[in-house]
Structures are given as C-alpha cells and as structure tokens.
Amino acid sequence: MSTTTTTQVAIVGGGPAGLMLSHLLHIAGIESVVVDNRTVEQIETTHRAGILERDSVRLLVDSGVSDRVLTEGHEHEGISLRFGGVSHRIDFQKLAGASCWLYPQTQVFVDLHRARTRDGGDLRYGITDTEVDGVLDTPTVRYTDADGSRHEISAELVVGADGSRSICRALVADAHQYYREYPFAWFGVMVEAPPSAPELIYTRSAQGFALISQRTDTVQRMYFQCEPTEDPAAWSDDRIWEQLHTRLAGSDGFRLKDGPVIERTVLPFRSFVQSPMRHGNLVLAGDAAHTVPPTGAKGLNLALSDVRVLAEEIERAVHKGDDDALDNYTDRALSRVWKAQHFSYWMTTMLHNSSDASQFDEQRQLGELQSLVSSEAGSTYLAEGYTGWPHH
Ligand code: PHB
C-alpha cells in the first residue's frame, strides 16, 4: 500500500538550498513538499563552510528566515592574505563597500528548518529508496518512510537540490559535465582554542596552503592543504599543529593559538558543472548541478543564489501562466556559477602548491600575490568576488 500526496513542487533534498526554495515558494503562495534521506540531526552536525556573502545575508534576513546571522554571526570587513611570512589585509569595505559574515552553514540550516517548521512546511527527513520519474510529464517522487511504508508525491515540478551525490542529476538527458580535478585536498580541523585573529587568514607557504577561520570564542576552524588520499586518523594533534604552525610562521612573529583537535576530516576538492540545469519538469539547484573547491566559500552562496532565481521563475510560471519561464533558469544561474567557478579556481591556484610546480611556477605565484595586494584594482576584484556579485 502506498500513500499519495499531490503538491505543486516536490523538492528532493532538505539542505539549505531545498529549504530556502521551499520557504521562498511558500511566501509566493506555492506549495511544496521536501524529502531528504538524511535526518535533521545528521545535517545539523555535518560541518561545512562558514562564510555568507552580503546578498546571502540579505536573503535570510529580508525573507524572514531569521536575523540570527546579524546577532550571532560576525561581520567581516576583510580578510588577510599571508605569503612570504607576512599578512596583507584586503579591506572589503574600503574596496567594494561590502562585508561578508562568518556564520556556519549548520546554523543557516537550523534557521531555515525552524522557519519552515514555524510556517507549517511539509518536510520529510530520514526517508530511504528515493526514486524520481515522469520528469517529461507529471513527475512523481517515491520513497520509503522510517516505518517502511511506501509514499508517492505527485507534483508539477521536481527540484533536485540533493547535493553533490545527487540522484536527480542523472535524469537530465544529454547534459554536458564540465570537470576539473586538483592534485590536493583540504585537511579540516575543529580545535578548542581562542581565536588567533579577528578575520580569516588565507595563507600561501612553501609547505602549502593553510586557512585560519573561526567559529566561537572557544572553538576554531582551520584547514591545510594535504594529499587527497590522506587518512585523518593517522594524524596526531602534534602533527597537525606542526603543519599549521609552520605554514603560518613569519617574520612578523604571528603565532597561532593552539589546543586540542576535536574533529578532523579530509575534504574533497574539485570543480564541476552540469549543464543544462533543467530537463522537462525537473530542475537542479546547488551542489546537485555544480561543485566548487572550498577556497572562497562559494558553495552555499551559489546554492542560495540558484534558488532565489528559481523561485522567481517558478512564480512567473505558476502565477502568470508563463510556460517558458523556466527556460531562462539555466542561463541565469550559470552566469553566476561560472564567475564563481573562476573565482574559486583562481583563489585555489594562487594559494596552493602542486607537487609538480617548478621554481618558476613558485616565483610566478608570489609575483601574482604581490601584484594583487599592491594594486587597488587587483584587490578590488578579490573584494568584489569574495563579498559576492550583486543579484539581479
Ligand atoms: C570555514 O570557515 O569553514 C571556511 C571559510 C572560508 C573558506 C572555506 C571554509 O574559504
């Protein structure tokens, strides 16, 4: 026996992209049902990046999700680029008139989940065996709930917001996939220590990249470049701190504040885009359609930007009966995605070592960093990209 629900939009994936879409559709008077094979608790405890662009913050606040980002997040008016053992501040406010906010993705999820629950959203977590079909006609999503009962959701449109291991992605016929692999990964740690700096420090050193980020007064987030095959369990606290201290060392005497490592993971690292992002009555949003390397923290911001555009197009299709509205979606979304792909690739290659780099490559890289920090035009490009290109 299976139960059937009929709705306007079925959303596969209840992370930030799926929930934000459901929220924006709700504001527009459009019904949706969200399904996800993870539990709420699993999503709340999976650490992701922590930087929101200016317009991501505006979207959360202005659409009535929450203003916790403003009260509990931290406004950052710049970052440090550190190379040759010296830090150079990029002043976002002075150069681009904008800031970004340090506010972990897990908190964005908590806020969105609360908002959808507050507004009576139909959210179904912890399900299994999700299947999508009929995307060229009347799409259906089928799944098994925690009690083993089979359910069916019949919708006018299915949105695949189901992340980098998307099941929806494969349903887009004749799609082109653009890939770039990198010969390294990030070793991410959560540490119990006070903050070492008020803003993020992106570091290029002879031993490789390192990033110093923050979480709270007592817990910090840090990363360093490693081999993609690295086993996190093989790293003692001492070995981790030795890498971080060496990479951050410099003539200015800066020293990281250290403490116990409470979590360690190796993060995958690649660039990926699938185009088009629509096939019939199926559309993709966020990581389901594109992945960026974490340098520059664009992943969540792109996902939020996708669903903002998508909600507008769906609203036009539903309320104005404009059947062609969704035709614009891929082009509108991808124009921003490719800018962000370039930005993330550029930040990555400017700051990481590759094992086959020659001495020429290393000196050229330092020359690039030097020209960036000594040019107002160069620094402004970084400031604009980091704080996020305006939505339109
Ligand atoms: C983080 O705080 O987790 C973070 C910040 C900036 C990045 C990536 C990750 O580029």
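The values are calculated or read from the model by the stated rules, or taken from the named source; none is laboratory data. Just so it is clear, the structure is predicted and the values come from calculations on it, not from any experiment. All Cβ positions, glycine included, derive from the backbone under ideal geometry; neighbour counts span all protein chains shown. Just the protein is used for accessible areas: all its heavy atoms, side chains included, with ligands, DNA and RNA removed. Shrake-Rupley method; radii C 1.70, N 1.55, O 1.52, S 1.80 Å.
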Review point. For Val219, all conditions in the list (1) in contact (Cβ under 8 Å) with a residue 60 or more places away in the chain; (2) surrounded by 15 or more Cβ atoms within 10 Å (Cβ to Cβ); (3) in contact with an Asp or Glu (Cβ under 7 Å, 6 or more places away or on another chain) hold save one; what is the number of the exception?
Key: (1)
Point to revise | Condition check for Leu59: touching a helix residue (DSSP H, G or I) at 6+ places or on another chain (Cβ under 8 Å), farther than 19 Å from Ala288 by Cα and of a type in the set (A, V, I, L, M, F, W, C) | key: yes
Check your understanding: Given segment 160-258, what strands (runs of 3 or more DSSP E) lie entirely inside it while holding 2 or more residues that are away from the ligand (no atom under 16 Å from the Cβ)?
Key -> 176-181
Practice item. Please work out if Ser305 is within 14 Å of the chain's Cα centre (by Cα) and modelled with pLDDT of 95 or more. Key: yes
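If you take the residues in segment 101-122 that are hydrophobic (A, V, I, L, M, F, W, C) and either open to solvent by 40 Å² or more (accessible area, probe 1.4 Å) or part of a strand (DSSP E or B) (or both), which one is farthest from the ligand (Cβ to nearest atom)? Before you say what the answer is, go through the steps one by one.
First pass over segment 101-122, keeping only residues hydrophobic (A, V, I, L, M, F, W, C): 101-102, 108-110, 112, 115.
Among the residues that remain, those that are also either open to solvent by 40 Å² or more (accessible area, probe 1.4 Å) or part of a strand (DSSP E or B) (or both) are: 101-102.
Values: Trp101: 11, Leu102: 7 Å.
By that ranking, first place goes to Trp101.
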Revision key, fill the gap. Those residues of segment 259-274 that are surrounded by fewer than 16 Cβ atoms within 10 Å (Cβ to Cβ) and either of a type in the set (Val, Ile, Thr) or more than 16 Å from the ligand (Cβ to nearest atom) (or both) come to a total of 4
Check your understanding: Does segment 54-71 contain at least one residue that is in contact with a Lys or Arg (Cβ under 8 Å, 6 or more places away or on another chain), over 30 Å from Ile167 (Cβ atoms) and within 16 Å of the ligand (Cβ to nearest atom)?
Key -> no
Study note, to complete from the structure: Within segment 232-254, the residues that are in contact (Cβ under 8 Å) with a residue 24 or more places away in the chain, within 18 Å of Gly208 (Cα to Cα) and open to solvent by 80 Å² or more (accessible area, probe 1.4 Å) are Ser251
